[in-house]
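The values are calculated or read from the model by the stated rules, or taken from the named source; none is laboratory data. Quick caveat: nothing in here was measured; it's all calculated off a predicted structure. All Cβ positions, glycine included, derive from the backbone under ideal geometry; neighbour counts span all protein chains shown. Just the protein is used for accessible areas: all its heavy atoms, side chains included, with ligands, DNA and RNA removed. Shrake-Rupley method; radii C 1.70, N 1.55, O 1.52, S 1.80 Å.
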Amino acid sequence: MVGDGRSYLIVGNWKMHRTVSETVEALLELTQRWKGAEGVKVVICPPFTAILIAAKTVAGSEIRLGAQNLHWAPEGAFTGEVSPVMLQELAVDYVIVGHSERRILFQEDGPAVAKKFAAALENGLLPILCVGENGAEREAGRQGQIVEEQIREVLTPLKEPGKFAIAYEPVWAIGTGKTAEPEDVQRMHGHIRTILGKCGVAAGQVPILYGGSVNASNSASLLSQRDVDGALVGGASLRNDEFLAIAGQAAQLAGRKI
Ligand code: PEP
């Protein structure tokens, strides 16, 4: 739990989905239907090609924007990459760093994730660091150790990290329809707070999100766990009704004094 009351960060990761026109259509509907709620921030991470139009479409609304990735350099000979400075100009507030799809499919290693995390902070973006074990690591009971290594790798080089969020995303739960049990998620989020404390970070100030096949049917039980401060939603964020239902559940839970 961050702060005194409950507050939630609900992030939609659209991955490589939606063209410019599809983005406008989806965001126009979202901005009309999501009027904001105390204690809930809703963030959409469209593909790079749609961020500029997304920024224009959500301007003045209660929807914030994030990017799905960034390069660590401000500019340079890095064909195909996008820098934090470029994102800043697009009114992007958040950026996903170290998503398992980038780690696995694009061979992004720990040092690269650490550089991206630092670059995001230096440029005033709030990084959402994704951590989580794969199926084999879970079966071997190594999930706690894996997550600790992934967090330490990023935080160790930094003196004062500033504002960031963590998304616990067990790899075996992403896009598979398998969700971690709420009690297991709570245990891992508690572990993450302990790791943050050991790294000298004010653990209570860092939102810890859960991600991995979150949908409108399982979100309430996940979000009601004490140390779950939000959700990183992939597939279900592509369906406005379902995504808004998840945000609505967060609003109900934030409204209760827990
Ligand atoms: C994700 O992309 O971070 C994710 C959690 O995807 P999904 O919700 O589809 O499992």
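Test of understanding: among G197, G212, which residue is within 20 Å of G144 (Cβ to Cβ), open to solvent by less than 60 Å² (accessible area, probe 1.4 Å), small (G, A, S) and free of Cβ contacts under 8 Å to residues at least 24 places away in the same chain?
Just a single option satisfies the conditions, and that option is G197.
Taking the range 1-59, which residues are within 15 Å of the chain's Cα centre (by Cα) and open to solvent by 70 Å² or more (accessible area, probe 1.4 Å)?
K41
Can you go through G98, G162 and tell me which one is under 30 Å from G60 (Cα atoms) and open to solvent by less than 30 Å² (accessible area, probe 1.4 Å)?
The unique qualifying residue is G98.
As an exercise: evaluate G234 against (1) within 23 Å of N134 (Cβ to Cβ); (2) touching a helix residue (DSSP H, G or I) at 6+ places or on another chain (Cβ under 6 Å); (3) open to solvent by 10 Å² or more (accessible area, probe 1.4 Å) and give the number of the one condition it does not meet.
The failed condition is (2).
Quick one: is A167 open to solvent by less than 20 Å² (accessible area, probe 1.4 Å), part of a strand (DSSP E or B) and within 16 Å of the ligand (Cβ to nearest atom)?
Considered against the rule, which asks whether it is open to solvent by less than 20 Å² (accessible area, probe 1.4 Å), part of a strand (DSSP E or B) and within 16 Å of the ligand (Cβ to nearest atom), A167 comes out as yes.
With the requirement that a residue be within 24 Å of N218 (Cβ to Cβ) and out of contact with any strand residue (DSSP E or B) (no Cβ under 9 Å at 6 or more places or on another chain), what does the range 144-178 give you?
Within the range 144-178, G144, V171, W172, G175, T176, G177, K178 qualify.
Show me the helices (runs of 4 or more DSSP H) entirely contained within the range 62-162 in which 3 or more residues are touching an Asp or Glu at 6+ places or on another chain (Cβ under 8 Å), free of Cβ contacts under 8 Å to residues at least 40 places away in the same chain and within 16 Å of the ligand (Cβ to nearest atom).
Result: empty, no element qualifies.
Which condition breaks for Q249 when tested against (1) closer than 26 Å to P47 by Cβ; (2) within 16 Å of the ligand (Cβ to nearest atom)?
All conditions pass for Q249, except number (1).
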